[in-house]
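Peer 1: Structure in structure tokens, see below.
The values are calculated or read from the model by the stated rules, or taken from the named source; none is laboratory data. From a predicted model like this one, the values you see are computed outputs, not experimental measurements. Positions of Cβ are backbone-derived with ideal geometry, glycine not excepted, and every protein chain shown enters the neighbour counts. Only protein heavy atoms, including side chains, enter the accessible area calculation; ligands, DNA and RNA are left aside. Shrake-Rupley method; radii C 1.70, N 1.55, O 1.52, S 1.80 Å.
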Amino acid sequence: MEKKKRLSSLEKIDRQIAYLGTSNFDATRFLSVRLLTTVLLALALYYFTNLSYFVIPFLVIAYYYFLYYLMILYPIQKRGERLEREALNFFEILTLSLESGRNLEKSLEITVSNTSGELGEEFKKALKETKYGKSMVEALKDMKKRIPSETINNIILSITEASLFGSSLVENMYNQIDFLREKQVLSIREKMNKIPNKISIVSVLLMVPLMLLLILGPLVIQILG
């Protein structure tokens, strides 16, 4: 049971690492590095600081979990955001290529050659896999495992379904592009709505010390005088 649980944990981390779009490390290497650096940190805190023995375990545990966030969860989130920013331009070019009468594979080749970014690189990998015997549908299904964006994965799913069932891919893509455009507009509005709150927080942080200085300044001077 314990072995199955450990294998499940390794598989989960491997799936998450695949979302990073890199093969520099795997779950086993990550867990080894995290364990080693955590032990070294604990030893360093015990021997080279005057921290309480009750404080050090909390710092070590915080580091243990923060490293997972810093190396895996946060980069996944940022990569998903980058891919979604590239998605609208990429799929617009793809749709124009499809509309001109080209098939999916040829349209993807034209699109990746006329765009730059991580999304184009992922489709380039998928096209390369088709050269080694995979079908386009299989390559796109495998590509979904490397994309940390539900929006983009839904578009890939719609492309594969249109290819399998023969539905209108161009019409489907225009619907997806409208959705992407609307999502970007909503994202911009959300960021704009947050600006007044951020300005208010900054204003409070700047004004409160100034007001305290104006109110208490004369009193302090009078006391010192």
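Peer 1: Tell me whether region 2-82 comes out rounded, prolate or oblate; compute the Cα gyration tensor, take square roots of the eigenvalues as a ≥ b ≥ c, and use a/c under 1.5 as the rounded threshold.
Peer 2: Prolate is the answer for region 2-82, as a/c is 1.5 or above and a/b outweighs b/c.
Peer 1: Next question. Using θ = phi - 60° and the Karplus curve 6.51 cos²θ - 1.76 cosθ + 1.60, what whole-Hz ³J(HN,Hα) does each residue of region 159-173 get, with Gly and Pro shown as x?
Peer 2: Working through the residues one at a time gives 5, 5, 5, 5, 5, 6, 9, x, 6, 5, 6, 5, 4, 4, 5 Hz.
Peer 1: Next question, about the same structure. Rank Tyr63, Pro75, Asn89 by how far each Cα sits towards the positive end of the charge dipole of region 43-147 (+1 on Lys, Arg Cβ; -1 on Asp, Glu Cβ) and give me just the farthest.
Peer 2: Tyr63
Peer 1: Moving on. Please identify which residues in region 45-84 have an amide N closer than 20 Å to a label point set 7 Å out from the Cα of Lys191, following the Cα→Cβ vector.
Peer 2: Under 20 Å, as judged by backbone N against the label point of Lys191, lie 74-84 of region 45-84.
Peer 1: What whole-number value in Å² describes the accessible area per residue of region 34-84 for a 1.4 Å probe?
Peer 2: Heavy-atom accessible area per residue stands at 70 Å².
Peer 1: Now for a separate question. Only Cα pairs under 8 Å and at least 6 apart count here; give the relative contact order of region 1-112 as a rounded whole percent.
Peer 2: Result for region 1-112 is 21 percent.
Peer 1: Just the accessible area for Ser167, please: 1.4 Å probe, Å², rounded to the nearest 10?
Peer 2: 60 Å²
Peer 1: A further question follows. Carbon-plus-sulfur fraction of the accessible area of region 77-142, 1.4 Å probe, in percent?
Peer 2: C and S atoms contribute 48 percent here.
Peer 1: While we're looking at this one, here's another question. For region 120-166, what D do you get in µm² per second when you plug the Kirkwood radius from alpha-carbon pairs into Stokes-Einstein at 10 °C and 1.306 mPa s?
Peer 2: For these conditions, the coefficient is 148 µm²/s.
Peer 1: Specify whether the C-alpha gyration tensor of region 5-134 places it in the rounded, prolate or oblate class, a ≥ b ≥ c being the square roots of the eigenvalues: rounded for a/c under 1.5, otherwise prolate if a/b is larger than b/c and oblate if not.
Peer 2: Here region 5-134 falls in the prolate category.
Peer 1: Related question: At 0.36 nm per residue, and after removing the present C-alpha to C-alpha distance, how many nm does the segment from Phe179 to Thr28 gain when stretched out fully?
Peer 2: Between Phe179 and Thr28, full extension yields 50.5 nm more.
Peer 1: Let me cross-check Tyr74: its accessible surface, 1.4 Å probe, with only protein heavy atoms counted, in Å² to the nearest 10?
Peer 2: The accessible area comes out at roughly 90 Å².
Peer 1: So if we plug the beta-carbon distance of Leu35 and Lys141 into 1/(1 + (r/R0)^6) with R0 = 41 Å, what FRET efficiency do we get, rounded to 0.05?
Peer 2: 0.75
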